[in-house]
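Right, one structure below, let's go through it.
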Amino acid sequence: MAVANIIDGLGTYVGLAALLVIGYHSSELLGTALVLAGHILPGLLVTLFIAPRLQHRQRRPVLLVLNLVGVVALVPAIIWPHASTAVLAAAMLGATGVATRGVQMAALAEAVPVHVRGRFYGMVGSFGQAIQVVGLAGGGAIASAMSPRAALVIDALSFTLAGVVIATITFVPVATTPAVDTTRSFFGRAPQVVWRIPLLRMLAVVTWVGALVGTVPEAASPAVTTTNFLPLVMAGSPAGGALSALICTRFGLFSRVSGTLRLALVSSLSLVLAGAGMYIAFQQPADSMARATYGVLANAVVGGLGVWFLGMVAAFAEYTPSSDTVSVGAFMTWSVGAVGGLGGFVVAILGVPGGYAALGLLLLPAALWGLRVTAAGGLVDEEVDPHAA
């Protein structure tokens, strides 16, 4: 599963870089915002009507079908690279991604022992950040030096290769039960589960704010520089995140909700400072090395401190009832993606400096509230207890 995720994730970020470049060349920051937000409606439909039906489906055939759909989604953009086909590809990939993450969350919960999940998710997160570095940098470089079409072909090949790996995996058998018949239950169950558990409710809100913040470096990067440093600017955030995730995993930060939230506080301040620095850097022309260099460094710091988001994911996996892992996982994947897609519009409306600063100011009270909730629940210095819910 880990190997398949690495292959799939690497291609996904190569493809995302290409889609962002296509969108920016067509409509500048609005184009990148549309690419990042294109998955919201399709992802909602998957969350409502498809994800609940996957809870009791065998994991391997579901993941194979989703990988095949990923290949098909890229075909129009490969044939005709344009803003419209880029948004279409983003929409279809976002829809399949919602289902894929839900199924993966369930499969990992079934396979990974409870007592090592905190460190496991931290390790997976560090690999994920490293994949973003290589994928975004490689995708940006390929899109700039060759063409976005070449990067999208690589993405399609990664889906194919990941499918081959998945076909060799032995998953934990899933007990089949009759499918739920009412459309109302499709929508009601996952939000109900999240809302009725106070800690899950807090984690969801803070995670949504974090998702909104996390898309800023990706949305802003094409506007930061027109030099050959663009791949490095795009990869700066995940590069900082990869290094930081390894350190945080080593010290067990992702096993403590309060420690994760304290890092979120520091992250909010870094965003405000990065926004102020971006304002100064943007006084330089877009082709200046000083502006590009600052973009790389600022995104690296923001990404490094932004790994608190991985702790939210680990805590969410621990507290979600096992009977609802796919539906809740799909719901959170969609909602996080939907909120994150709006980050591009914040940057488009407020500009790059204003986007960084405004979202940092939004994260600050959310992290403070989260610390208050964990303190009230007695979780300030304790390990995450999966049976507490």
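The values are calculated or read from the model by the stated rules, or taken from the named source; none is laboratory data. Treat the numbers as computed from the prediction; the structure is a model and nothing was measured. Here the Cβ is made from the backbone with ideal geometry for all residues, glycine too, and neighbour counts use every protein chain on show.
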For Gly275, are the conditions met, namely being closer than 17 Å to Ala211 by Cα and either among the basic types (Lys, Arg) or crowded, with 23+ Cβ neighbours inside 10 Å (or both)? no
For the range 192-205, pairs from a residue that is over 17 Å from Phe309 (Cα atoms) to a residue that is β-branched (Val, Ile, Thr) and part of a helix (DSSP H, G or I), with Cβ under 8 Å and 6 or more apart or across chains, are Val193/Val328; Val194/Val328; Pro198/Val373
In the range 299-336, what residues are more than 25 Å from Arg57 (Cα to Cα) and in contact with a Pro (Cβ under 8 Å, 6 or more places away or on another chain)? Asn299, Val302, Gly303
State all residues of the range 282-306 that are touching a residue at least 60 places away in the same chain (Cβ under 8 Å), assigned to a helix (DSSP H, G or I) and more than 27 Å from the chain's Cα centre (by Cα); if no residue qualifies, say none. Met289
Check the range 243-255 and report whether any residue there is β-branched (Val, Ile, Thr) and either outside any helix (DSSP H, G or I) or touching a Gly at 6+ places or on another chain (Cβ under 7 Å) (or both). yes
Could you tell me whether Leu350 is surrounded by fewer than 22 Cβ atoms within 10 Å (Cβ to Cβ), of a type outside the set (D, E, K, R), without any contact (Cβ under 8 Å) to a residue 24 or more places away in the chain and closer than 30 Å to Ala298 by Cβ? yes
Turns out the helices (runs of 4 or more DSSP H) fully within the range 50-155 with at least 1 residues that are modelled with pLDDT under 70 and surrounded by fewer than 23 Cβ atoms within 10 Å (Cβ to Cβ) are 83-111, 117-145
Name the single residue that is modelled with the highest pLDDT among those in the range 319-344 being out of contact with any helix residue (DSSP H, G or I) (no Cβ under 6 Å at 6 or more places or on another chain) and either among the basic types (Lys, Arg) or farther than 27 Å from Ala90 by Cβ (or both). Pro321
Can you tell me which of (1) surrounded by 14 or more Cβ atoms within 10 Å (Cβ to Cβ); (2) touching an Asp or Glu at 6+ places or on another chain (Cβ under 8 Å); (3) modelled with pLDDT under 85 is the one Val172 doesn't meet? (1)
Suppose the filter is modelled with pLDDT under 85, part of a helix (DSSP H, G or I), surrounded by fewer than 24 Cβ atoms within 10 Å (Cβ to Cβ) and of a type outside the set (Lys, Arg); does Ala211 pass it? no
Select from the range 140-159 the residues that are under 20 Å from the mean Cα position of the chain (by Cα), more than 17 Å from Thr226 (Cβ to Cβ) and not hydrophobic (A, V, I, L, M, F, W, C) and list them in ascending order. Asp155, Ser158
Can you name the residue in the range 214-242 that is in a helix (DSSP H, G or I) and of a type in the set (Val, Ile, Thr) and is also modelled with the lowest pLDDT among such residues? Val216
Which numbered condition Gly240 fails, given (1) within 26 Å of Ala37 (Cβ to Cβ); (2) surrounded by fewer than 24 Cβ atoms within 10 Å (Cβ to Cβ); (3) touching a Gly at 6+ places or on another chain (Cβ under 9 Å): (2)
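Results for (1) in contact with a Ser or Thr (Cβ under 6 Å, 6 or more places away or on another chain); (2) surrounded by fewer than 20 Cβ atoms within 10 Å (Cβ to Cβ); (3) hydrophobic (A, V, I, L, M, F, W, C); (4) closer than 18 Å to Ala366 by Cα, shown as yes or no for each residue.
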| residue | (1), (2), (3), (4) |
| --- | --- |
| Ala286 | yes, yes, yes, no |
| Ala292 | yes, no, yes, no |
| Asn299 | yes, no, no, no |
| Val307 | yes, no, yes, yes |
| Thr320 | no, no, no, no |
| Asp324 | no, yes, no, no |
| Ser327 | no, no, no, no |
| Gly340 | yes, no, no, yes |
| Gly344 | yes, no, no, no |
